[in-house]
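Peer 1: The following block contains the structure, expressed as structure tokens.
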Amino acid sequence: MQLSTSHKLSRHPFASVIGRRIMIVLVIISSLITLTSTLIQLYSDYHTEVSSVETRFQELKDVHVESLTINLWEFNEHQLNIRLEGLVKLPDISFIRVTSATSNQVWQAGKEVTGDKINRFIPLQYSGPDDDTRFMLGQLYVESSSERIYQQLLQTLLSTLIANGIKTFIVSGLILWVFQLSVNRRILRILNYLDHFRPNQPLKTLQLDHVPFITSEHDEISVLALSVNQLSHTLNRLYGEIETEKDRFTDFANSASDWLWETDADGRVTFASEQMQTQLGITDIQICNYKLTDLIPNSEMTKAMSQGHDFKGLEVKLNLRGEERNFIFHGTRVDSHSQEVSMRGSAIEITSRKRAEQALQELNETLEKRVVLRTLELEQSLHKLEITQNQLIEREKMAALASLISGIAHEINTPLGAAITAGMMLEPDSEEGHNLEAYKLMQANLQQVVRLIQVFKQTAAQSGQGRVEPVYVKQLLGDIIIGLQQKLQDKQINVQLTCEDNLNWPTITQSWVQIFHQMINNSIIHGFKSSDPSNNIAISIRETPDGLSICYQDNGQGMSQQELNKLFEPFHTSRRDSNCIGLGMHIVYNQVSQALAGSIQTASKPGEGLKVMIQLPLLPETLSVGG
């Protein structure tokens, strides 16, 4: 029984566990002795009663059989019945019966026994006074009831057991009372003292009550109380010393930045320093419910602790509150007196050092890569800047050329009109002679100049009346292709148009007409030298998240990179002998970059045709060009 439950013990004598056991043992032993002695006495009494019955039967034979024989010989039935009635009243006689030798006549007295009984048959023989010859006249039958003996023995048993039970109860009660005064009450006092004993509280001396003639100041319980007082005094003193050492150790542990820990034989944490509890986010009460390997998951530590081996310099990474921390753990096996192996150890945080080492290592490893990457980024930025600069220069140059050409055409247009008008006034009346030939030559050249002026005007990006409006792209291109159908058939050129039927795009219709008219004409004149059924032009238009993507490609003779670089320059042509002035692709460039605010790129190799890629942004429908 634990001391913490001693307050549940009662001071009542019958509530004493030891007292009840002593009383039960006394009652059992006394009852066994009483029962044994009673059984022996009953056995003796039984034999005595049976002997008494046998003696009574012998008395009948020795004393009364002769007179019964004479009455039977004389056939004195009245006297025989009187004798039988008298004999049945004798003790131990329950039933008596006389039967004649011929069994014809029966005389009896008393009540025949139905249960257990003791009986005897006695012969009735008669002999004369002078003659020794015996005649069998009949027999005497005697019964004695065993039930009477049993009842008598039972009464004796009950009276004996009751008397001995009363005696045993009185003796046991007295013994229990003496035990309560001398042992139980004093032991309860000692248990109550030990239950309320606290080493951290002021010491109180244990004092026992003494009853004259029953207890003594020098008996065993008093000596035990003296030992308890000495032990409590020693525990109180040792507890004070332990508390002092504990406070000193706790101050050292809590003031240190390192972790200090201890586990039991099962690996459960029995102690953790305040720094360790704070960083793990667990209170002093909660930490005892965890195993160290649950708080510090590390396979090497788990293996070492399960085998009870020391470990030192074990580096462990922990995730504390979302931050990775590095520690070095040390553990030492401790063998206690209870033969249970425990572990004690410490942990030193090296997070700052590891971060510095890692940062230095990463810096050393990536410095060269960062230099190369930075250099590459600068080169790419420079290249992009050069491309953008070239594009801007090219766009400005083209815009300046377009403006120059448009201005020249505008300036030439007025005197040209006057020259045409004057020339018409000089038309000769006669159709013969040199004047007529000169007039025709003059008119032909003036008309050539008019056509050139019209082409010059087309180089301007904003052609006066351009307006953004939604158009069905596939239908627009179909109309353009139909307008050039005769030229295409002359060289057997097949045009493949890939575009969604319902693609509706806001754009400047006039600009689209000029762009595709000039590109198709360029393929007819410069791309395909001869008529061939394999001649093909593929036009693909699709809508993208960035706008509209147009791919124009023919399978003509292509061009070199040198020619490709001058493709958009004005007045550059490879067919000067065919009256080509070299403004077609220049007009395409201006319309794409200036009017439609898009971008254009080309790709070509000799014998592989020309590929033109145009990217157009979405234009607001309210935009009006040249207004």
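Peer 1: Kindly report, to the nearest 10 Å², the accessible surface of Thr602 as traced by a 1.4 Å probe over protein heavy atoms only.
Peer 2: Accessible surface of Thr602 is approximately 40 Å².
Peer 1: Lys440: accessible area at probe 1.4 Å, nearest 10 Å²?
Peer 2: 130
Peer 1: Gain in length, Gln125 to Phe169, computed as 0.36 nm per residue apart minus the alpha-carbon separation, to one decimal in nm? Display every interim value, and only then the final one.
Peer 2: Numbers: separation 44, 0.36 × 44 = 15.84 nm, distance 6.13 nm.
Roughly 9.7 nm would be gained on extension.
Peer 1: Let me check something: with ligands and nucleic acids excluded, how do Thr48, Thr509 order by accessible area (1.4 Å probe), largest to smallest? Spell out each step's value before the answer.
Peer 2: Numbers: Thr48 80, Thr509 35 Å².
From most accessible down to least: Thr48, Thr509.
Peer 1: In addition: Ranked highest first by the average count of other Cβ atoms within 10 Å around their residues, in what order do 548-561, 469-482 fall?
Peer 2: Numbers: 548-561: 18.8, 469-482: 15.4.
Peptide ranking by packing, descending: 548-561, 469-482.
Peer 1: Say a paramagnetic label sat at a point 7 Å from the Cα of Val50, along Cα to Cβ; which residues of segment 140-154 have their backbone N under 16 Å from it?
Peer 2: Of the residues in segment 140-154, 144-154 have backbone N under 16 Å from the label point off Val50.
Peer 1: Testing the spin-label approximation: label points 7 Å from Cα along Cα→Cβ at Ile40 and Asn192. State their distance in nm.
Peer 2: 4.7
Peer 1: Can you figure out the FRET efficiency of Leu436 with Ser530, using R₀ = 41 Å and their beta-carbon distance, to the nearest 0.05? Mind showing how you got there, number by number?
Peer 2: Numbers: r = 39 Å, r/R0 = 0.95.
Efficiency computed from Cβ-Cβ geometry: 0.60.
Peer 1: Work out, step by step, the length gained on full extension between Leu295 and Asp219: first 0.36 nm times the residue separation, then minus their alpha carbon distance; give nm to one decimal. Show your work: numbers first, answer last.
Peer 2: On the way: separation 76, 0.36 × 76 = 27.36 nm, distance 5.60 nm.
Answer, rounded to one decimal: 21.8 nm.
Peer 1: So how far apart, in nm, are the two label points at Asp284 and Leu376 if each is 7 Å from Cα heading toward Cβ?
Peer 2: Each label point is offset 7 Å from its Cα along the Cβ direction, giving 5.9 nm.
Peer 1: How much solvent-accessible surface does Ile24 expose, in Å² to the nearest 10, with a 1.4 Å probe and all protein chains in place?
Peer 2: The accessible area of Ile24 comes to roughly 90 Å².
Peer 1: Number of Lys-Lys pairs in segment 18-168 under 21 Å by Cα, sequence gap 8 or more or different chains?
Peer 2: Values: Lys61/Lys89; Lys61/Lys111; Lys61/Lys117; Lys89/Lys111; Lys89/Lys117.
Qualifying lysine pairs in segment 18-168: 5.
Peer 1: Quick one: which residues, 5 or more positions from Ala101 or on another chain, have an amide H under 5 Å from its amide H? H modelled 1.01 Å from N in the peptide plane, none for Pro or chain starts.
Peer 2: Distant-sequence amide H within range of Ala101: Gly138.
Peer 1: Pairs Lys303/Lys354; Lys440/Lys566; Lys440/Lys491: which exceed 28 Å Cα-Cα? Could you put the intermediate results ahead of the total?
Peer 2: Numbers: Lys303/Lys354 25 Å; Lys440/Lys566 37 Å; Lys440/Lys491 32 Å.
Long pairs (Cα-Cα over 28 Å): Lys440/Lys566; Lys440/Lys491.
Peer 1: Please identify which residues in segment 604-619 have an amide N closer than 19 Å to a label point set 7 Å out from the Cα of Gln561, following the Cα→Cβ vector.
Peer 2: Counting only backbone N, you get 604-613.
Peer 1: Along Cα→Cβ, 7 Å out, is where each label goes; now give me the distance between the ones at Val449 and Gln615 in nm to one decimal.
Peer 2: Placing both labels 7 Å along Cα→Cβ, they lie 4.5 nm apart.
Peer 1: Per 0.36 nm of contour for each residue apart, how much would the distance between Asn364 and Trp73 grow if the chain were fully extended, relative to their Cα-Cα spacing? Show your work: numbers first, answer last.
Peer 2: Working: separation 291, 0.36 × 291 = 104.76 nm, distance 15.28 nm.
Gain on stretching Asn364 to Trp73: 89.5 nm.
Peer 1: Leaving ligands, DNA and RNA out of it, report the carbon-plus-sulfur percent of the accessible area of segment 201-246 at a 1.4 Å probe.
Peer 2: Details: 2090 of 3540 Å².
For segment 201-246, the apolar C and S fraction of the accessible surface comes to 59 percent.
Peer 1: Let me ask something additional. Roll a 1.4 angstrom probe over the protein heavy atoms and tell me the percent of accessible area of segment 466-616 that is carbon or sulfur. Intermediate values should be presented prior to the final figure.
Peer 2: Working: 3300 of 7270 Å².
Roughly 45 percent of what the probe reaches on segment 466-616 is carbon or sulfur.
Peer 1: Let me ask something else. Just the number, please: carbon plus sulfur as a percent of the accessible area of segment 247-352, 1.4 Å probe, no ligands or DNA/RNA counted.
Peer 2: Numbers: 2890 of 6320 Å².
Percent of accessible area from carbon and sulfur atoms in segment 247-352: 46.
Peer 1: Out of Leu238, Gln207, His218, whose Cα points farthest toward the positive end of the dipole of segment 201-246 (charges: +1 Lys, Arg; -1 Asp, Glu; placed on Cβ)?
Peer 2: Leu238
Peer 1: Another question about this same structure. Where in segment 300-324 does the label zone of Arg353 land, with the point 7 angstrom along Cα→C-beta and an amide N cut-off under 13 Å?
Peer 2: 313-316
Peer 1: I would also like to ask the following. Roll a 1.4 Å probe over the protein chains and send me the accessible area per residue for segment 18-168 in Å². Write out the running numbers ahead of the final one.
Peer 2: Numbers: 9320 Å² over 151 residues.
I get 62 Å² per residue for segment 18-168.
Peer 1: Here's something else I'd like to know. Filter the trypsin sites (Lys or Arg not before Pro) in segment 166-275 down to the DSSP loop ones having no more than 13 other Cβ atoms within 10 Å, then list what survives.
Peer 2: Values: sites: Lys167, Arg185, Arg186, Arg189, Lys204, Arg237, Lys246, Arg248, Arg268; in loops: Lys204.
Loop-located and lightly packed - Lys204.
Peer 1: Could I ask something else about it? Rounded to the nearest 0.05, what FRET efficiency do Val25 and Val65 have when you use their Cβ-Cβ distance and R0 = 51 Å? Walk me through the intermediate numbers first.
Peer 2: Details: r = 58 Å, r/R0 = 1.15.
After rounding to 0.05, the efficiency reads 0.30.
Peer 1: Further question: May I ask you to derive the FRET efficiency for Leu226 and Glu324 from their Cβ-Cβ distance with R0 = 51 Å, giving the value to the nearest 0.05?
Peer 2: Values: r = 63 Å, r/R0 = 1.23.
E(calc), rounded to 0.05, equals 0.25.
The values are calculated or read from the model by the stated rules, or taken from the named source; none is laboratory data. On a predicted model such as this, the values are computed, not experimentally measured, just so you know. When we count neighbours, we look across all protein chains shown, and the Cβ atoms used for this are built from the backbone with ideal geometry, even at glycine. Side chains included, ligands, DNA and RNA excluded: accessible areas come from the protein's heavy atoms. Shrake-Rupley method; radii C 1.70, N 1.55, O 1.52, S 1.80 Å.
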